[in-house]
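Structure first, commentary second.
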Amino acid sequence: GACVAATSAVLAGVRRGYSLNVSSEQAGHVSRTEAVVLFQTPATARVAQRHESRLGIAKAEPWVSSSAAIGDLKVTMWGMPPGTSLYQYKLTGGKWLTDEDLQSAVLSSRFAERGGYSVGDRIELRVGGEDKLLTVVGMVDDNAQGLQSSAQGKVFVPLETANTMLHRGNQADFF
């Protein structure tokens, strides 16, 4: 009830297109979310901060998601704050991202296994026309993909790295 009311108020105050998923089960076992707000066009991180303070939302984190590739393999790139408190990752190797890891990536474990990737390996991540050489610093047990996805794995990078690759400022696709 309170979550739906808060979400409705957030959406009423945002002047961008959106879609909303309220089910935490849809977000998977690794996310501590009660609601996800998706935007048709990227929104600034200030949108989350503004609604967080106005509505008493416990936490709103800006995240980015985009189709990407490593070689010929399709992946989903996830950009999120390195200090995320909403994404509950389970490391299977290495470490999670830090604020200093702008040239680093964490891979989903099955993708890393199938591709023969290990901690310390260098990968070339391609998003649109942008290629970036990154060092694998960790692997996580998060192998779920959306029903319509043809991605073979996930690549997690700091939000700043994702936005740089997408040629945009401090923005997010969803909170």
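Numerical summary
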item: Pairs where the first residue, in segment 58-76, is in a loop (DSSP other than H, G, I, E, B) and the second is charged (D, E, K, R), C-beta under 6 Å, 6+ apart; result: ALA60/GLU52
item: Enumeration of residues in segment 107-131 that are touching a helix residue (DSSP H, G or I) at 6+ places or on another chain (Cβ under 6 Å) and open to solvent by 30 Å² or more (accessible area, probe 1.4 Å); result: GLU130
item: Search result, residues across segment 85-96 that are open to solvent by less than 50 Å² (accessible area, probe 1.4 Å) and in contact with a helix residue (DSSP H, G or I) (Cβ under 9 Å, 6 or more places away or on another chain); result: GLY93
item: Members of segment 103-135 found to be in a strand (DSSP E or B), touching a residue at least 24 places away in the same chain (Cβ under 8 Å) and of a type in the set (Lys, Arg), listed by number; result: ARG126, LYS132
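The values are calculated or read from the model by the stated rules, or taken from the named source; none is laboratory data. This structure is a prediction, so every number in the text was calculated from the model and none was measured. A quick note on method: Cβ atoms are made from the backbone with ideal geometry, for glycine too, and the neighbour counts reach across all protein chains shown. Each accessible area value is taken on the protein alone, full model and side chains, heavy atoms only, with ligands, DNA and RNA left out. Shrake-Rupley method; radii C 1.70, N 1.55, O 1.52, S 1.80 Å.
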